[in-house]
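As structure tokens, the structure follows; a few thoughts come after it.
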Amino acid sequence: MNKAVTDGVVFMPTPFSQGLDVWSRSDGTPGSDTYDTDANAAFVPADADFAGCLELLKISGTQRLRYTGDTPILPGCYLRVTARVKAISGVMPAVRIAAWAGRENGTEVTGLPVTGPSVQLTSYGEVVEVSAIVGVGDRGGVDMVWGTEPDLGHFGLDLTGANGGVVRIDDIVIEDITSVFLRTLMNWVDVRDYGAIGDGSTDDSAAFEAADAAANGRKVLVSAGNYRLASSVTFESHVEFEGRVTMPDAAILSLTKDFELSTYVDAFGGDEETALKKGLQSLLNNSDHESFDLSGRRVSLSAPIDVQAAVDNRDSYAQRRVLRNGQLRAETSSAWDSTTVTSQGTYSASNQWQLTGVTNIANIEVGSLVEAAGVGREIYVQAVNVGAQSLTLSQPLSDAVGTQSYSFTRFRYLLDFSGFSRLDKFEIEDVEFQCNELCSGVMLARTGVVNVVRNCVFNRPKDRGITSPGEGCQGMLIDHNQFNSAEGGLTTQNRRSVAINTNANDVKIRNNRASQFRHFAVVSGGNGVIANNHFFQGDESGIRSAGIVLCLKNTNTTVSGNYVDNCFIEWTNERDPDPDFVSGFGFSGLSITDNVFLCSDMSAQFSFIVVKPYGQNHRINGLNVSGNLFRASGGTIDRVERVDTSFEGLNLAAMRKVYFTNNTFLNVEIGVENPLLVSHAQNTHAQTWVIDTDDRLPFGGYAMEIESLVLRSRPRDTSNVSVFATPYCSSREGGAQDQVHAVWPEPVLGDMTLRVRMDN
């Protein structure tokens with residue numbers, strides 16, 4: 001910056017050759033005496049060292065020389081005043097630059113430094129240069145710091161010391177040297193000033209670190225160029241990228257003051273995939289930030305992000321970290337194509353988590369979906385041991401003992417964490433997964449606790465929304481997400497996509513919305529909470545599938561406050577390699593409360609709650625269905641609950657702790673209850689009253705117990721005389737064992753109410 005060049009500001013005083021009437025003997029203010037007619041001053045037109053100069057006899061203690069012209073003092077502008085002097089004869093004085101500071105109205109600004117360093121002349125004829133810098137700011141090298149009050153100055157020099165000496169003074173120079181201070185005036189430092197080359201081959205890591213160290217609160221500028229960083233670099237300062245950087249996969253770029261995707265995109269020359277990988281790498285390697293912000297950007301991906309490969313110095317991570325605020329979008333590429341491997345393997349119920357003797361095992365990927373006869377839904381490969389030819393499964397198989405052929409299909413995910421052996425407390429928040437029917441959303445790590453997916457949108461996943469290939473879903477929170485299927489145009493029986501699967505315990509699935517998947521959630525862990533979700537099939541024709549599949553008989557799960565729309569809850573034991581019931585609790589620990597169930601245009605055989613035993617002798621031991629609204633639209637359904645007997649039925653004689661209470665049934669032919677209140681009117685005299693439950697006991701259960709019996713009118717014999725006796729009751733009567741017999745001492749008629757249970 002030079003105001004004389006850019007703005008035409010005149011700083012230079014006139015040369016002595018143009019007259020001494022503008023050179024004051026005092027402070028240079030208007031009206032002050034000049035050297036124009038002074039007998040002790042003369043212009044010398046020729047000198048061996050100076051082309052033209054002022055010769056001056058020192059006659060006062062401080063002999064002053066000031067230019068009477070106004071030299072402007074501008075904010076941000078720094079002036080250097082220079083004088084060249086030599087002693088001619090007599091006593092040699094000392095010389096210094098000096099000035100007068102004033103306002104625009106002509107008044108003096110006092111209290112400011114107005115002299116520069118003093119230099120003593122020591123020999124005749126020797127040219128000595130003196131200078132001083134004046135400016136508004138207090139910066140290193142500034143001799144006269146004047147601040148913003150002065151508007152102008154009168155500059156020159158002082159001769160001090162003994163009188164009687166004669167000196168000659170060359171024309172005084174005043175120049176704008178603001179450019180000298182630019183590096184400290186600007187709020188940035190450039191990496192090139194610290195040795196960075198930017199040629200794409202030289203390692204500029206040390207120069208980047210040096211620039212960051214020198215910034216001292218200012219920004220680091222990575223000016224135009226292609227900078228190779230061979231090692232990890234951390235910026236403790238703000239940084240701006242005009243140029244781009246390249247780094248090895250293992251090298252970490254940590255932008256501690258600008259830790260968000262936009263800056264990383266700038267750093268890597270607009271390469272969003274690399275920027276995202278490097279951001280995640282830094283997130284899992286530094287403690288400066290708990291989250292990586294996608295800056296609300298859309299990141300277009302042509303291939304899956306293998307997060308562990310991007311953070312290849314870590315196999316596990318346990319500190320809370322968050323990825324938030326943006327969109328990941330799959331772009332057309334063959335990298336999204338699923339791969340399927342067919343191999344033979346052997347399964348044993350005694351080694352229920354393993355497939356052994358697996359052929360072609362080297363081609364089977366961790367995270368592959370396992371499919372074959374007797375394999376339950378959503379079984380994945382958790383680990384591969386090529387040397388032992390064995391696979392670790394995410395869940396046991398239901399009926400696959402022996403050797404057979406299996407298919408292993410590896411879906412591709414926008415974010416794939418399966419390379420981590422363990423990942424805890426990783427959160428994804430406010431991210432849209434735009435799968436575009438090309439890929440799936442998120443695959444979790446093989447193990448981990450309290451991971452979170454919150455406020456995210458999964459748009460049109462090809463195969464899956466969130467997949468757990470192992471126990472990376474332990475204690476997971478899946479809250480406030482949207483899952484929008486790509487299969488809305490297909491009937492349910494032709495759909496194959498699944499929004500969520502889980503394998504571990506304590507999962508919370510809450511406040512989500514899912515539309516038209518084959519299944520909303522396939523849940524294999526226990527102690528879960530599924531609350532306040534809306535999931536629906538939306539078919540006008542075709543069958544319905546389960547919205548929620550509970551794969552453990554001892555589920556210990558609460559399903560509450562959901563809107564279950566044109567689908568149902570299916571409770572199975574398809575994770576039992578020995579499916580027959582031998583001991584234990586059986587189907588237990590399920591609470592279905594305060595939900596809204598709706599179906600439309602369905603066959604009468606449709607039911608909202610389906611229990612599907614995979615083996616013999618199973619029973620329910622702990623089921624609470626209460627406070628729900630069951631509604632059929634566009635027709636009626638027979639009942640809201642049933643047993644799927646594709647493999648086996650339930651042992652109705654062994655049912656325990658089943659509660660169906662306080663539910664509302666609309667367009668449901670048979671509204672079930674347990675305990676069931678039965679009103680019986682005996683209009684003909686009989687010693688044995690046959691009381692029918694009208695198939696209103698859940699699951700077509702037996703009339704196992706009579707909790708209470710109340711006579712609502714007087715029992716009368718054939719003579720219409722009151723009978724003062726109490727009948728005894730016999731349960732499990734009739735061909736379906738759903739009747740109760742009330743047995744009297746003699747034939748009577750009358751009315752009674754019973755409370756009947758289908759369990760013990």
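Note that the stretch 471-487 has calculated 3J(HN,Hα) couplings of 10, x, 9, 4, x, 5, 10, 10, 10, 6, 10, 10, 10, 10, 6, 8, 10 Hz, one per residue in order, obtained from phi through the Karplus relation 6.51 cos²θ - 1.76 cosθ + 1.60 (θ = phi - 60°); glycine and proline are x. Loop-located chymotrypsin sites (Phe, Trp or Tyr not before Pro) across the stretch 672-744 with a Cβ neighbour count of 13 or fewer within 10 Å are Phe724, with loop assigned by DSSP. Toward the positive end of the charge dipole of the chain, with +1 on the Cβ of Lys and Arg and -1 on the Cβ of Asp and Glu, the farthest Cα among Gly538, Met12, Ala196 is that of Gly538. The relative contact order of the stretch 1-96, computed from alpha carbon pairs under 8 Å that lie at least 6 residues apart in sequence, is 26 percent.
Restrict the search to the stretch 1-110; then list the trypsin sites (Lys or Arg not before Pro) that DSSP places in a loop and that have at most 14 other Cβ atoms within 10 Å of their Cβ.
Values: sites: Lys3, Arg25, Lys58, Arg64, Arg66, Arg80, Arg84, Lys86, Arg96, Arg103; in loops: Arg25, Lys58, Arg103.
Filter output for the stretch 1-110: Arg103.
For Val564, nonlocal amide neighbours, meaning residues 5 or more places apart or on other chains whose placed amide H falls under 5 Å from its own, are Val596, Phe597, Leu598. Close amide-amide hydrogen proximity is noted between Leu393 and Gln354, Leu355, Gln382, each under 5 Å apart and 5 or more residues distant or on a separate chain (H modeled in the peptide plane; Pro and chain starts excluded).
Using 0.36 nm times the number of residues separating Glu175 and Ser60, minus their current alpha carbon distance, what extension gain do you get? Don't jump to the answer; show the numbers that get you there.
Numbers: separation 115, 0.36 × 115 = 41.40 nm, distance 2.91 nm.
That pair, Glu175 and Ser60, stretches by 38.5 nm at full extension.
Remark: the Cα gyration tensor places the stretch 186-330 in the prolate category, a/c being 1.5 or greater and a/b exceeding b/c. Pairs over the 24 Å Cα-Cα cut-off, from the set Lys425/Lys508; Lys219/Lys425; Lys278/Lys508; Lys277/Lys508; Lys219/Lys278: Lys219/Lys425; Lys278/Lys508; Lys277/Lys508. The ranking of Ser254, Ser60 from fewest to most other beta carbons within 10 Å of each one's beta carbon is Ser60, Ser254. Scalar couplings 3J(HN,Hα) for the stretch 429-438, obtained by applying the Karplus form with A = 6.51, B = -1.76, C = 1.60 to θ = phi - 60°, are 9, 6, 10, 9, 9, 8, 7, 6, 6, 9 Hz; x denotes Gly and Pro. Put in line by how crowded their Cβ is, counting other Cβ atoms within 10 Å and starting with the fewest, Leu229, Leu157 read Leu229, Leu157.
Relative contact order for the stretch 485-666: 16 percent, from Cα pairs under 8 Å spaced at least 6 residues apart, divided by residue count.
Across the stretch 389-406, coupling constants 3J(HN,Hα) worked out from phi with the 6.51/-1.76/1.60 Karplus curve, θ = phi - 60°, read 6, 10, 10, 9, 9, 6, 8, x, 8, 8, 7, 10, 4, x, 10, 7, 8, 10 Hz, and Gly and Pro carry x.
Give the residues of the stretch 727-760 whose amide nitrogen is closer than 15 Å to a point set 7 Å from the Cα of Ile670 in the direction of its Cβ. Those under the cut-off are 734-740, 758.
For Thr256, the residues whose modelled amide H falls within less than 5 Å of its own, excluding neighbours fewer than 5 places apart on the same chain, are Phe235. Under 16 Å Cα-Cα from Lys553, which lysines qualify once same-chain neighbours fewer than 8 residues away are excluded? Cα-Cα hits under 16 Å: Lys612, Lys657. When DSSP beta bridges are restricted to pairs lying wholly in the stretch 608-760, around 65% turn out antiparallel.
Restricting to DSSP loop positions (anything but H, G, I, E, B) with no more than 16 other Cβ atoms inside 10 Å of their own Cβ, which GluC sites (Glu not before Pro) remain in the stretch 410-483? Don't skip to the answer; put the middle values down first.
Numbers: sites: Glu427, Glu429, Glu432, Glu437, Glu471; in loops: Glu437.
Passing both the DSSP loop test and the Cβ count: Glu437.
Quick check on the exposure proxy: order Met247, Met92 from fewest to most C-beta atoms within 10 angstrom.
On the way: Met247 21, Met92 24.
Arranged by neighbour count, lowest to highest, Met247, Met92 become Met247, Met92.
Helix-only arithmetic for the chain: the sum of -39500 (n - 2.57) across DSSP H runs with n ≥ 4, divided by the residue total, places the mean residue ellipticity at 222 nm at -1500 deg cm²/dmol.
Which FRET efficiency value, to the nearest 0.05, is calculated for Asn313 and Ser338 with the Förster distance at 30 angstrom and r the Cβ-Cβ distance?
Rounded to the nearest 0.05, the efficiency is 0.55.
Tilt of helix 272-283 relative to the longest C-alpha principal axis of the chain, in degrees (0 to 90, nearest 10)? Approximately 90 degrees, to the nearest 10. Among the listed values [x] 1.32; [y] 1.29; [z] 1.35, the one matching Rg/Rh (Cα atoms, Kirkwood Rh) as calculated from this structure is [z]. Beta-bridge orientation, the chain: approximately 45 percent antiparallel, per DSSP, counting only bridges with both partners inside.
Rule-based calculations on the coordinates, nothing more; no lab input. Because the structure is predicted, anything quoted here is derived from the model rather than measured. Neighbour counts run over all protein chains shown; Cβ positions are idealised from the backbone, glycine included.
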